[in-house]
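Participant: Following this message is one structure expressed as C-alpha cells.
The values are calculated or read from the model by the stated rules, or taken from the named source; none is laboratory data. In this text the structure is predicted, and so the values were computed from the model without any measurement. Virtual Cβ from ideal backbone geometry, glycine too; neighbours counted across all protein chains shown.
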Amino acid sequence: MSTEQIYVNAYNHQTPQQHAMMMNNANGYPQQVKSPSHQMEQPGIYNPPQMMMNTSLANNSQHSVSLIDQIFGPNSKAKVKQRIEPFELLTGFETENKYDINFDNGYMAVALEESDCCARQYCGPKRPFKMHIALKQNKQEFLTLDRPYCHFFHEVNVYDTATNQVLGQVELRFTLFSRELNVFDPEGVKMFEIVSSCCECWTFHIEKDGERVGKISKKWSGFVKEAFTDADNFGIEFPDRATPKQKAVLLGALFLIDFLYFESNEDNNKNDHY
C-alpha cells in the first residue's frame, strides 16, 4: 500500500470533529491543525513564569511586613554590646557608636549611629542622631531610631524601616530622685514606664500599671573598658505579654538610656539629663 493510500484511509475514518481539525496541504495530503483550544491556557495548568514572579513578590511583601514579628515575636531577651572604637580610645575624638545585638532566638543584628561630626564633639550625649538597626547576615535594616536634639526632655522615636511606620516613642520624665522614662504607642497612649532608683543605678525596671514586667540592665564590662572607654554592655528582658512592636520600642529605650546615662562618664557626672 502506498503512502498516499495510508493517509487517505486514515482521513476517511476520522470523526466529524476530527475532520474539522484536518486540512490539505499544498500537496493534497491531510495536515493536522492544532485546535485553538490547545493554544489557549487551560484552567488548572501551571504557568511557571507568572507564578514564580507572583510568588516572589508575595514573599518579599510578606517578609517586609512581618520582619519585626519574625525578630521580636518569639524572643524574650537580647544582649547589646557596644563596640570599642580604637581611634576614639587613642584620640578622645567622639565617633559614631556601633553595637552588636544578639537575640535569644538566634537573630543577630548591628546598630549603627548616624550623626553629625560637630554635634558629636560639642553636644556629647545630648546630640541628635539616627540609629539604623539591621540584620547582621544580610544587612537588611528593620528598625530606625530618630532622636531629635533636646537639652532637657529627651526622646527617641522608633520606626519600622520597611513601612516607615511609627511604632512608638520613648520620653524622659522629669523626676527629682529617680530616673524615669515613659514608653508610648503611636497614638500617644502610655504602654510602659521604665524606672531606676538611686540604689539600682545600673538597672532600669520596665513597669506596667505599677507591676515590674521586665528590665534593662547595664552589665559590667571589665575595669579597663569601664575606666577608659564609653563602650557599654546591656541586657534587656522583654515583658512576657509584650507584642513584637512593643519590644522594638523597648529596644529603642535601651539606646536612649545608654546615651543619657552611660555614653560619657565626664558628661554624666556634670549633667542630670532633665
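Participant: Looking at Ala227, Ala231, Ala253, which is the one that is more than 17 Å from the chain's Cα centre (by Cα) and either modelled with pLDDT of 95 or more or assigned to a loop (DSSP other than H, G, I, E, B) (or both)?
Facilitator: Result of the check over Ala227, Ala231, Ala253: Ala231.
Participant: Taking interchain pairs and intrachain pairs at least six residues apart, which have beta carbon atoms under 7 angstrom, with the first residue in region 191-208 and within 13 Å of Phe177 (Cβ to Cβ) and the second among the hydrophobic types (A, V, I, L, M, F, W, C) and modelled with pLDDT of 95 or more?
Facilitator: The qualifying pairs are Val195/Phe204; Ser196/Phe204.
Participant: Residues of region 168-180 being over 23 Å from the mean Cα position of the chain (by Cα), of a type outside the set (D, E, K, R) and in a strand (DSSP E or B), which ones?
Facilitator: Matches in region 168-180: Leu172, Ser178.
Participant: Sticking with this structure for a sec: Hey, could you check region 63-107 for residues that are of a type in the set (A, V, I, L, M) and farther than 20 Å from Phe255 by Cα and say which is modelled with the highest pLDDT?
Facilitator: Among residues in region 63-107 that are of a type in the set (A, V, I, L, M) and farther than 20 Å from Phe255 by Cα, the one modelled with the highest pLDDT is Leu67.
Participant: Kindly list the number of the only condition in (1) surrounded by 15 or more Cβ atoms within 10 Å (Cβ to Cβ); (2) touching a strand residue (DSSP E or B) at 6+ places or on another chain (Cβ under 6 Å) that fails for Arg127.
Facilitator: Only one criterion in (1) surrounded by 15 or more Cβ atoms within 10 Å (Cβ to Cβ); (2) touching a strand residue (DSSP E or B) at 6+ places or on another chain (Cβ under 6 Å) is unmet by Arg127, namely (2).
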